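Everything on this sheet refers to the single structure shown next.
The values are calculated or read from the model by the stated rules, or taken from the named source; none is laboratory data. In this text, all values refer to a predicted model and were calculated from it rather than measured experimentally. Because the Cβ atoms are built from the backbone with ideal geometry, glycine has one as well, and the counts that use them run over all protein chains shown. Just so you know, the surface numbers come from the protein's heavy atoms only, side chains and all, with ligands and any DNA or RNA stripped out. Shrake-Rupley method; radii C 1.70, N 1.55, O 1.52, S 1.80 Å.
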Amino acid sequence: MNENNYISNFLEMIVIERGLAKNTASSYKNDLNQLNEFCKKKNLSIFKIDEKKLEDYLSKFINQGFEKSSLARKISTYTQFFDFLIVEKIIKNNPIKNIKQPKLDSKLPVIISIKDIQNLISYSKQDISNLGLRLNCMIEIMYASGIRVSELVSMTLASLYQDKNFIIISGKGNKERLIPISKDTQNTINDYLKIRKFFFNKDKEVKWLFPSKQSKVGHITRQRFSQLLSLLADKADLQIKKISPHKLRHAFASHLLANGADLRSLQQMLGHEDISTTQIYTHILDERLKQIVKDKHPLSKVSFE
């Protein structure tokens, strides 16, 4: 069996056994194909690469200014792949085990203010065309639920649950979670459903909540939604350098915490496997708790600055 077959078997294994998301699996595939091409140029089998050549290979990404997170993912991919080859008895030792992961910078997410979110939604409601109603619906669902953009665009009609006061989301690893939505968001969804048929060929029904005639996958793509969101934000003249679907997700999380939500509930709604991922927002929680102590504690005259 050649290198490509083992790469395919490894990818199949991590998708089926570990429930890896499609986008992550695609990144793993690109990482392994890049390494395999590097080995071929060196007239070397990926099964025979050693630590020194791996360091040489990874150094080019450092020199090209790759993000530390991208480099860390590559090292993680190769570590898992070589461990897989050990299990398959193709190699005896993992050549990357002594190569250290880069220390990732702890970056706080850029938070969009509640005022800017309100202005964005208010501006989107002004466009009552079919395209405008769809975009407004997508923005409201994302801000109301905090779902990932990949989860948003791939929602189906079956995602609307219990008279639409809940949405059911199939997240990473095909794990489902229920997220409550407000009455206002329900009304926005209902308004959109009245014109949804505009976005697909009427001779056949489609399962997607946000179908698209132009898209090969049958529904609006992440890239198209990001483009439309950015264009809308420019027209609305928001005080934000650059808006993105991910920033809407951050806004959902930060605004909930600032108004009293707890981390565990937020973890479940965001679909985070580990609460440590959710803890990126604890700086917001810390500020809220500090304010509570200032306002409510008998010793509130004591400075906490």
Can you give the Rg/Rh ratio of region 54-162, where Rg is from the C-alpha atoms and Rh is the Kirkwood radius? 1.20
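Evaluate E = 1/(1 + (r/R0)^6) for Arg224 and Ser45, where r is the Cβ-Cβ distance and R0 equals 51 Å; express this FRET efficiency to the nearest 0.05. Numbers along the way, then the final one.
Values: r = 41 Å, r/R0 = 0.81.
The calculated FRET efficiency here is 0.80.
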Estimated vicinal HN-Hα couplings, Hz - region 202-210 in sequence order (Karplus 6.51, -1.76, 1.60; Gly, Pro = x): 6, 6, 8, 7, 10, 7, 6, 5, 10
Per residue of region 270-279, what does 6.51 cos²θ - 1.76 cosθ + 1.60 with θ = phi - 60° give for ³J(HN,Hα)? Whole Hz please, x for Gly and Pro, Karplus curve as stated. 6, x, 7, 5, 10, 5, 4, 5, 6, 5
Take the residue pairs Lys53/Lys92; Lys164/Lys242; Lys22/Lys202; Lys164/Lys207 and return only those whose Cα atoms are more than 20 Å apart. Lys164/Lys242; Lys22/Lys202
Cα-Cα longer than 22 Å, checked against Lys194/Lys216; Lys125/Lys247; Lys74/Lys100, kept in input order, equals Lys194/Lys216
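What percentage of the solvent-accessible surface of the chain, computed with a 1.4 Å probe over protein heavy atoms, is contributed by carbon and sulfur atoms? Walk me through the numbers before you get to the answer.
Numbers: 9080 of 18120 Å².
Carbon and sulfur together cover 50 percent of it.
What does the convex hull of the Cα atoms of region 8-88 come to per residue, in Å³, rounded to a whole number? If you can, show how the numbers build up before the last one.
Values: hull volume 7.7 nm³, N = 81.
With only Cα atoms used, region 8-88 gives 95 Å³ per residue.
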Please enumerate, by chain and number, the aspartates and glutamates with C-alpha under 17 Å from the C-alpha of Lys60, excluding those fewer than 8 residues away in the same chain. Asp31, Glu37, Asp50, Glu51
Positive-end residue of Thr185, Ser170, Ile195, charge dipole of region 148-285 with Cβ unit charges: Ile195
Using only Cα atoms, tell me the angle between helix 245-258 and the longest principal axis of the chain; keep it within 0 to 90° and round to the nearest 10. 60
Which cross-chain or sequence-distant (5 or more) residues have an amide H under 5 Å from the amide H of Phe166, H modelled 1.01 Å from N in plane? Tyr161, Ile181
For Cα extents along the principal axes in Å, the choices are (1) 61, 51, 37; (2) 70, 61, 36; (3) 54, 41, 39; which was calculated from the structure? (2)
So the angle from the long Cα axis of helix 130-145 to the longest Cα principal axis of the chain, reported in degrees to the nearest 10, equals 80
Towards the positive end of the charge dipole of region 119-272, with charges on Cβ (+1 Lys, Arg; -1 Asp, Glu), say which of Ser129, Leu228, Gly260 has the farthest Cα. Leu228
Expressed as a whole number of Å, what is the distance separating the alpha-carbon centroids of region 233-277 and region 127-152? 15
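What accessible area per residue, rounded to a whole number of Å², is obtained for region 1-106 using a probe radius of 1.4 Å? Display every interim value, and only then the final one.
Details: 6630 Å² over 106 residues.
Accessible area per residue, region 1-106: 63 Å².
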Determine the dipole magnitude for region 57-205: charges of +1 sit on the beta-carbon of Lys and Arg, -1 on that of Asp and Glu, nothing else is charged, the reference point is the Cα centre, and the result goes in debye to the nearest 20. 600
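How large is the charge dipole for the chain, taken about the Cα centre, if only the Cβ atoms of Lys, Arg (+1) and Asp, Glu (-1) carry charge, to the nearest 20 debye? Let's see the in-between values first.
Values: 49 positive and 32 negative charges, 90 e Å.
The calculation lands at about 440 debye.
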Amide H neighbours of His219 under 5 Å, counting only residues 5+ apart in sequence or on other chains, H built in-plane at 1.01 Å? Ser212
For the chain, take the longest principal axis of its alpha carbons; what is the angle in degrees between that and the long axis of helix 183-193, to the nearest 10 within 0 to 90? 70
